[in-house]
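The values are calculated or read from the model by the stated rules, or taken from the named source; none is laboratory data. This structure is a prediction, so every number in the text was calculated from the model and none was measured. Cβ: placed from backbone, ideal geometry, glycine included. Neighbour counts: every protein chain shown.
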Amino acid sequence: MSTEAVVLKHREYGSAGPALVLLHGLFGSSANWGSIARELAANYRVIVPDLRNHGQSPHTDSMDYPAMAGDLWTLLERLDVARPLLVGHSMGGKVVMHAALARPGETAAIGVVDIAPVAYAHDFSTILDGLASIELARLRDRAEADRRLAAFVESPAVRAFLLQNLAREGQGWRWRLNLPALRAAMPRITGFEPPTGRRYHGPAHFIHGQRSDYVRPEYAGPIRALFPAASWCEVAAAGHWVYAEQRAGFMRCLRALLRAASV
């Protein structure tokens with residue numbers, strides 16, 4: 001896959017203090033972090049990008065972790081950011097891990113939210129099929145899109161999250177997501193191949209939901225192999241969407257990382 005960087009769209013909150021970068025997960029966008037970014041903006045320069053093929057960032061056929069990490073470092077260089085603290089949820093957490101391993105001396109600390117450096121068997125084809133089933137040329141309104149998606153995705157909350165990617169454009173509609181590229185890249189997104197021979201010795205905080213199966217006890221070995229200083233923080237009563245489901249518990253874990261990183 002090509003690793004040519006794309007220019008990421010991003011939001012910034014706050015202008016003083018250390019740089020804190022927040023990365024969204026698959027099917028998400030920078031908007032997912034809005035309220036948390038605003039809370040932290042008093043003490044940090046919070047930078048929240050849209051990853052490639054998501055949000056308002058460019059669409060490209062290339063989609064793998066070396067490319068996404070390269071996009072991130074290109075953005076941070078353009079913003080003149082040195083030694084940022086990187087935090088990412090799910091797919092964004094894998095971008096954070098790859099970025100830190102690729103440039104281990106250039107990151108102050110990392111926070112990885114409910115994901116591990118392993119390959120997962122999760123299958124998102126039903127979601128992709130559901131989104132593709134919505135005929136944008138004939139779509140009247142969001143309510144109709146929700147009804148069509150309900151045949152594929154049972155949870156109203158998940159449907160509402162996914163449909164945040166449906167954007168009005170003139171008299172029609174478009175997806176902010178690059179659905180064909182995401183479908184083609186899914187084995188690389190659910191997988192993880194770290195840079196060969198690299199380890200990250202800085203603070204690495206793995207925040208995970210008590211009810212989630214994304215960070216299991218048997219993943220401690222792969223985590224420690226790449227991140228020898230890894231620590232864990234469990235959020236009670238949270239599933240995979242840790243910061244949305246149990247915000248107070250998530251913020252407790254995040255602030256522990258900020259203290260550990262001395263930033």
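Sort out which residues of the stretch 84-122 are in contact with a Ser or Thr (Cβ under 8 Å, 6 or more places away or on another chain) and either closer than 17 Å to Leu8 by Cα or free of Cβ contacts under 8 Å to residues at least 40 places away in the same chain (or both), and write them in order of number.
Pro84, Leu86, Ala99, listed by residue number.
Could you please give the count of residues in the stretch 109-147 that are crowded, with 19+ Cβ neighbours inside 10 Å and closer than 20 Å to Leu23 by Cα?
Matching residues across the stretch 109-147 total 9.
So, in the stretch 167-200, exactly how many residues are within 20 Å of Gly93 (Cβ to Cβ), surrounded by 12 or more Cβ atoms within 10 Å (Cβ to Cβ) and of a type outside the set (Gly, Ala, Ser)?
13
Can you find a residue that is in a loop (DSSP other than H, G, I, E, B), free of Cβ contacts under 8 Å to residues at least 60 places away in the same chain, in the same structural domain as Arg199 (by TED's automatic domain parsing) and over 30 Å from Ala184 (Cβ atoms) anywhere in the stretch 46-59?
No, that holds for no residue.
Got a sec? Which of Glu39, Glu106 is of a type in the set (Asp, Glu), surrounded by fewer than 24 Cβ atoms within 10 Å (Cβ to Cβ) and part of a helix (DSSP H, G or I)?
Glu39
Being modelled with pLDDT under 95 and among the acidic types (Asp, Glu) is the filter here; which residues of the stretch 142-175 pass it?
Glu169
Under the condition of being among the acidic types (Asp, Glu) and closer than 15 Å to Arg176 by Cα, which residue from the stretch 50-78 is surrounded by the most Cβ atoms within 10 Å (Cβ to Cβ)?
Ranking the candidates gives Asp50 first.
I'd like to know if the stretch 223-237 contains one or more residues that are assigned to a helix (DSSP H, G or I), without any contact (Cβ under 8 Å) to a residue 40 or more places away in the chain and among the aliphatic types (A, V, I, L, M).
Checking the stretch 223-237: at least one residue is assigned to a helix (DSSP H, G or I), without any contact (Cβ under 8 Å) to a residue 40 or more places away in the chain and among the aliphatic types (A, V, I, L, M).
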